[in-house]
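Notes to accompany the following structure.
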Amino acid sequence: MTIESLKIRFQDKTKQFANPNDMDSKFIKPYRLNKTVADLERRFDELENSQPLEEKIFRSLLKLKQHGKDYLTKRDWKNLAWSLSKAMPNQQDKVLFTDDGRMLLEQFSRLTDELVTTIYFPLLYSYFAVEQQDINKLSKNWLQLRELLSSRRSKLFQLIRRPKPWLMTLTDYPDILSTQPTKSFIAEFLDSKDSSVISKRLESLQISANSWFWDDLINTAVASLQSMNDDDYFKAIPRFLALLENNQLFTTVILSALLQRYASSYQRTIVHEVLKQLALQQWGNPQYDSSAGWNNVNFDTKQMVIQWFVRADLEAFFTVFSDGADKRRFKYWLRFIKQVTFSEIFLNEEAMYYPNRAQEEFKKNNVGRYKQITGNNKPANAFMIKIGGFYIVEFSKMNNATYFYRAIPYPNSQATSKIVNVSSLKSTGRSEFYLSHNGAWESSFDRRLHALGIFPD
């Protein structure tokens, strides 16, 4: 006896003892029974839509070739529908894109609506189970499969007594079998308050991770960023980050689009910490030419992120790694932030191995972006920025001068070891010149920088 038959018999029995209008007031609702029925329905759906062994699939295909369609069972037809998403042994292309696939599609188009209803989900699965590059090579068979699914969809609700989750998704999002298959999903993705609803709907379709569908969904979603106003874009960022988290194959596409759009917004000078950290994890330090991942965005966007790191480095150095909050020096160098193309922090033994909470947080968020400074006299933390043709080195303790170098002051051997000796950063002999922080030092710094052609932003 099927689950559907049990439900009908249960409803008939309850109608004998109560008026349907007031039945809820006379009977306790059978919550446990309904829960059990729902669980059984879910398990039945999973079993019904589970893929058979490839051996059985290929056996049905061989049976069709040797004996013809009159010898096929309902199970054979279902296996043949699944076969479209598979590649035969010793063949590179999926069956859908072969002569066998074309022959099967012709056979499916002649089947009765009742039989197509039985094989519809395997056909739908095969529709999604191909990559975009496969479709680009041979789209004719795939388009024919889409037309078959579209033309038979209207009969499904009439013939399937209990609507399945995938059928509800197919009905609510009819575009899925059109030339714009992700249009409705994108609209709901951008407007819905709960984006998880869309995820659950898509789960019912069992779309494979490398499906063409995700290419279309991501590219369409990313394209929508360009037409958004700034406020809508800022609201959409968390959704796109969630989309990235669930589709990590498209990390570069989504991250690049988010950063490019941020660079054209009115908040480009305001650091977006999540985007900054994600970009650092994916592509490394944008200040290093060896970080090839930054070729995924244009120069202006890369400069924006560099300025984010420079600002964070300035704030950290003068507030977290200095003996006290040094607001004067922080405000001074912040005036040149748009011209800074490189920044680096050097941490002493105390900050490296015995950091406070704020220092530990900075180190965690900037792995690979700082070096250790060593020396005999317990050197202070140091900070280096590049403005124009000069590398400028500051120290956390105010009794140190500011040193200006024409080239990176430490040798390559120290760069690769991530350890720099203080003598490399604090050298009166190798530096172009150095300035002290005495009195109204800002004015004397300005005069010297003006002589070098360096002016505040």
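Brief remarks follow.
- Subset of the range 296-335 that is over 34 Å from the mean Cα position of the chain (by Cα) and closer than 19 Å to residue 269 by Cα - its residue that is surrounded by the most Cβ atoms within 10 Å (Cβ to Cβ): 333
- Hey, residue 255 aliphatic (A, V, I, L, M), more than 27 Å from residue 132 (Cβ to Cβ) and part of a helix (DSSP H, G or I) or not: no
- Under the condition of being without any contact (Cβ under 8 Å) to a residue 60 or more places away in the chain and either open to solvent by less than 60 Å² (accessible area, probe 1.4 Å) or farther than 24 Å from residue 169 by Cα (or both), the residues counted in the range 198-222 number 10.
- Output for the range 428-447, where each listed residue is of a type in the set (Gly, Ala, Ser), out of contact with any strand residue (DSSP E or B) (no Cβ under 7 Å at 6 or more places or on another chain) and at pLDDT 90 or above: 436, 443
- Inclusion of residue 306 among residues that are hydrophobic (A, V, I, L, M, F, W, C) and assigned to a loop (DSSP other than H, G, I, E, B) is not warranted.
- Filter result (outside any loop (DSSP other than H, G, I, E, B) and surrounded by 12 or more Cβ atoms within 10 Å (Cβ to Cβ)) within the range 359-375: 359, 360, 361, 362, 363, 365, 370, 371, 372, 373, 374
- Residue count, the range 274-308 (criterion: in contact (Cβ under 8 Å) with a residue 40 or more places away in the chain and within 16 Å of residue 234 (Cβ to Cβ)): 1
- Residue in the range 265-274 that is under 30 Å from residue 361 (Cα atoms), assigned to a helix (DSSP H, G or I), of a type in the set (Val, Ile, Thr) and open to solvent by 70 Å² or more (accessible area, probe 1.4 Å) present: yes
- Hits in the range 423-441 (condition: over 45 Å from the mean Cα position of the chain (by Cα) and of a type outside the set (S, T, N, Q)): 429, 430, 432, 433, 434, 435, 437, 439, 440, 441
- All of (1) of a type in the set (A, V, I, L, M); (2) within 20 Å of residue 300 (Cβ to Cβ); (3) under 10 Å from the mean Cα position of the chain (by Cα) hold for residue 243 with one exception: (2).
- Answer from 130, 116 - the residue that is outside any helix (DSSP H, G or I) and either closer than 27 Å to residue 173 by Cα or hydrophobic (A, V, I, L, M, F, W, C) (or both): 130
- Restricting the first member to the range 229-252 and to residues that are touching a residue at least 12 places away in the same chain (Cβ under 8 Å) and part of a loop (DSSP other than H, G, I, E, B), and the second to residues that are exposed (fewer than 15 other Cβ atoms within 10 Å of the Cβ) and of a type in the set (Lys, Arg), no beta-carbon pair is closer than 6 Å while six or more apart or on different chains.
- Failed condition for residue 420, given (1) over 38 Å from the mean Cα position of the chain (by Cα); (2) open to solvent by less than 40 Å² (accessible area, probe 1.4 Å); (3) farther than 26 Å from residue 335 by Cα: (1)
- Scope the range 61-110; condition hydrophobic (A, V, I, L, M, F, W, C), at pLDDT below 90 and open to solvent by 30 Å² or more (accessible area, probe 1.4 Å); matching residues: 62, 87, 88
- Checked against (1) free of Cβ contacts under 8 Å to residues at least 24 places away in the same chain; (2) within 18 Å of residue 213 (Cβ to Cβ); (3) open to solvent by 60 Å² or more (accessible area, probe 1.4 Å); (4) not β-branched (Val, Ile, Thr), residue 187 meets all criteria but (3).
- Enumeration of residues in the range 129-155 that are among the hydrophobic types (A, V, I, L, M, F, W, C), under 32 Å from the mean Cα position of the chain (by Cα) and open to solvent by less than 50 Å² (accessible area, probe 1.4 Å): 129, 130, 135, 142, 145, 149
- Taken over the range 50-83, residues that are under 17 Å from residue 111 (Cβ atoms), of a type in the set (Ser, Thr, Tyr) and in a loop (DSSP other than H, G, I, E, B) amount to 1.
- Unique match (being out of contact with any Asp or Glu (no Cβ under 9 Å at 6 or more places or on another chain), of a type in the set (Ser, Thr, Tyr), farther than 23 Å from residue 446 by Cα and at pLDDT 90 or above) among 410, 353: 353
- Residue that is nearest to the chain's Cα centre (by Cα) [pool: residues in the range 114-128 that are of a type outside the set (Asp, Glu) and open to solvent by 10 Å² or more (accessible area, probe 1.4 Å)]: 125
The values are calculated or read from the model by the stated rules, or taken from the named source; none is laboratory data. Source: prediction; values computed, not measured. We place every Cβ from the backbone using ideal geometry, glycine too, and count neighbours over all the protein chains shown. Ligands, DNA and RNA are stripped out before the accessible areas are found, and what is left, the full protein with its side chains, is counted by its heavy atoms. Shrake-Rupley method; radii C 1.70, N 1.55, O 1.52, S 1.80 Å.
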